[in-house]
Amino acid sequence: MAEKVASLGGEFGFINLIRSRITDPAGIRGIGDDCAVLPMNSKSDLVVTTDLLIEDVHFILDDITAAQLAYKSAAVNLSDIAAMGARPIGCFLSIALPKDITARWADQFIESFIAICDRFGATLLGGDTTSSKGPLAINVAVLGKVPCGRSKLRSSAREGDIICCTGTLGDSGAGLDVVLSRVSSAGSTKLDADAEWLVRRHYEPTPRIQEGLLLGELEGVHAMMDISDGIASDLNHILKASSTSSVQLGADIHVEQLPLSSKLRRWSAANGKDAKIIALTAGEDYELLLTLDPKDFDLARNLLAPLCSLTAIGEITASHKGIRYMDGDHELNQEISGFTHF
Ligand code: ADP
Ligand code: MG
């Protein structure tokens, strides 16, 4: 039997296959970061990102509202712009609509999509529309700008950096769990306030644009990316991109320092789940993950304080490879890995 695409090493194996056949043109950074970076003019670089959302892979059409789906389609892309420390300037929306989608649904989708894009300064500049004989599919691309050479890359982490994240982790993963139980019980379960809040965190993540711009101005912020697959996966991208043939970087994560919302803690306790493991492994938080010079941590935290929290969760080290998860003095020895397609 022919081997399936999973045998390539999943999503990232496939991306590596593509990458191995491409050479970036001079002055352009293509595949490998949250956005591609291209020179725009004497002051700014252009950053570009695109993300695809497919019915029954990324969302369940009967559960999410048209407005929430539009918001989320834009937000996950804006989050990649934030991860570069860039300012959104425009976006493109391509959509494949099953024929039974109602005019009212389409109207609500577009109203919400334009509202979030306007809120973050990304004018809708074009796109493409087709019918679909299968699932609803949405592809968004967002363009942004950043002062020349100042985009924050995954490849800039240094030994001794503090690893930080914005906001709280794991809420979206718990929200997805609530959504899946609600769908399997055909909506018969009444959600309490915590569960409702977690579902909102899953459907309406906050793109950290303002936070990314503030962090982008700090020299001490070295590497940055957004958390879409859980830090157990995403931090590995930073470690890999920042290692060289002479210095292999690793990380220590202190699980007791993970920022957990009170709602996630209560919901996890009530449902027999481990909030810390959800925070490490579940995807779609769309918070920023960054490494910074320890001397700039207080400055960065104070700059962000009016907007959101910034929490130190670990350090970059050259003394071991990969991520070591520490609970106090003990190293966790269970398998901890983030989300992956395939
Ligand atoms: P993110 O989660 O930030 O959107 P991904 O993990 O999806 O990033 O992608 C990692 C990198 O691989 C990005 O630079 C992205 O542009 C690139 N990439 C992903 N899929 C493809 C593809 N099918 N063709 C070319 N580049 C791709
Ligand atoms: Mg990203």
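As a check on your grasp of the helix formula, calculate [θ] at 222 nm for the chain: sum -39500 (n - 2.57) over DSSP H runs of n ≥ 4, divide by the residue count, round to the nearest 500.
The helix-only estimate for the chain comes to -10500 deg cm²/dmol at 222 nm.
In whole Å, what are the Cα extents of segment 122-202 along the three principal axes, biggest one first?
53, 42, 21
Have a look at ALA195, VAL146, LEU213 and report the one farthest towards the positive end of the charge dipole of segment 116-217, computed about the Cα centre with Cβ charges (Lys/Arg +1, Asp/Glu -1).
Value computed over the given set: VAL146.
What is the fewest-to-most order of TRP105, TRP197 by other Cβ atoms lying within 10 Å of their Cβ?
By the 10 Å Cβ count, ascending: TRP105, TRP197.
State the extension gain, in nm to one decimal, for the chain segment bounded by LYS133 and GLU335, taking 0.36 nm per residue of separation less the distance between their alpha-carbons. Numbers along the way, then the final one.
Working: separation 202, 0.36 × 202 = 72.72 nm, distance 3.96 nm.
Answer, rounded to one decimal: 68.8 nm.
Scan around GLY127 for amide H atoms under 5 Å from its own, H built in the peptide plane at 1.01 Å from N, and keep only partners 5 or more places away or cross-chain.
Distant-sequence amide H within range of GLY127: LEU93.
Taking the Cα centre of segment 113-266 as origin and charging only Cβ (+1 Lys, Arg; -1 Asp, Glu), how large is the dipole, in debye to the nearest 20? List each step's numbers first, then the result.
Values: 16 positive and 18 negative charges, 65 e Å.
Using only the charged Cβ atoms, the result is roughly 320 debye.
Longest segment of the chain with no trypsin sites (Lys or Arg not before Pro) in a DSSP loop having at most 10 other Cβ atoms within 10 Å?
Between exposed loop sites, the widest span is 191-342.
Compute the distance from the alpha-carbon center of segment 104-144 to that of segment 216-288, in whole Å.
Result: 29 Å between the Cα centres.
Compute the label zone of LYS99 within segment 32-66: residues whose backbone N is under 11 Å from the point 7 Å along Cα-to-Cβ.
Within reach of a label on LYS99, which here means backbone N under 11 Å from a point 7 Å along Cα→Cβ, segment 32-66 contributes nothing.
Under 14 Å Cα to Cα from LYS133, which aspartates and glutamates show up? Leave out anything in the same chain fewer than 8 places away.
Partners within reach: GLU55, ASP100.
So what is the relative contact order of the chain, in percent, for Cα pairs below 8 Å that sit 6 or more residues apart?
22
On each of the three principal axes of the Cα atoms of segment 193-342, give max minus min coordinate, whole Å, ordered largest first.
Largest to smallest, the principal-axis extents are 49, 37, 34 Å.
Just to confirm a number: summing +1 for Lys and Arg and -1 for Asp and Glu over residues other than ALA174 whose beta-carbon lies under 13 angstrom from that of ALA174, what do you get?
Every neighbour counted, the sum reads 0.
So for the chain: antiparallel DSSP bridges make up what percent, rounded to the nearest 5? Walk me through the numbers before you get to the answer.
Values: 45 of 62 bridges.
DSSP beta bridges in the chain are roughly 75 percent antiparallel.
Treating the Cα atoms of the chain as identical point scatterers in vacuum, please give the log10 of the normalised Debye intensity I(q)/I(0) at q = 0.06, 0.08, 0.10, 0.12 Å⁻¹, two decimals.
After summing over all Cα pairs, the log10 values are -0.21, -0.38, -0.61, -0.90.
In cubic angstrom, how much convex hull volume per residue do the alpha carbon atoms of segment 176-255 span?
141
Among GLY328, ALA279, GLY85, whose Cα lies farthest out toward the positive end of the dipole of the chain, if unit charges sit on the beta carbon of Lys, Arg (+1) and Asp, Glu (-1)?
Going by the Cα projections, it comes out as GLY85.
For the chain, modelled as a Gaussian network with Cα springs under 10 Å, which listed residue fluctuates most, HIS320, HIS254, HIS330?
HIS330
Be a star and scan segment 183-215 for residues whose amide nitrogen sits under 11 Å from the point 7 Å along the Cα-to-Cβ vector of ALA270.
From segment 183-215, the list is 190-198.
P(r) of segment 40-198 in 5 Å steps, Cα pairs, percent per bin?
All Cα pairs considered, the percentages come to 2, 8, 14, 17, 17, 16, 12, 8, 4, 2, 1, 0.
So what's the Cα pair-distance distribution over segment 1-71, bin width 5 Å, in %?
Reading the bins upward from 0: 3, 12, 14, 15, 14, 14, 14, 9, 4, 1, 0.
Dipole of the chain, Cα-centred, from +1 at each Lys and Arg C-beta and -1 at each Asp and Glu C-beta, to the nearest 20 debye?
540
Give me the extension gain from GLU219 to LYS190: residue separation times 0.36 nm, minus the current Cα-Cα distance, reported in nm with one decimal.
Full extension of this stretch gives 5.6 nm more.
Throughout, read-outs are computed from the coordinates displayed, never taken from laboratory work. Only a predicted model underlies this, so the values are computations on that prediction, with no experimental measurement involved. All Cβ positions, glycine included, derive from the backbone under ideal geometry; neighbour counts span all protein chains shown.
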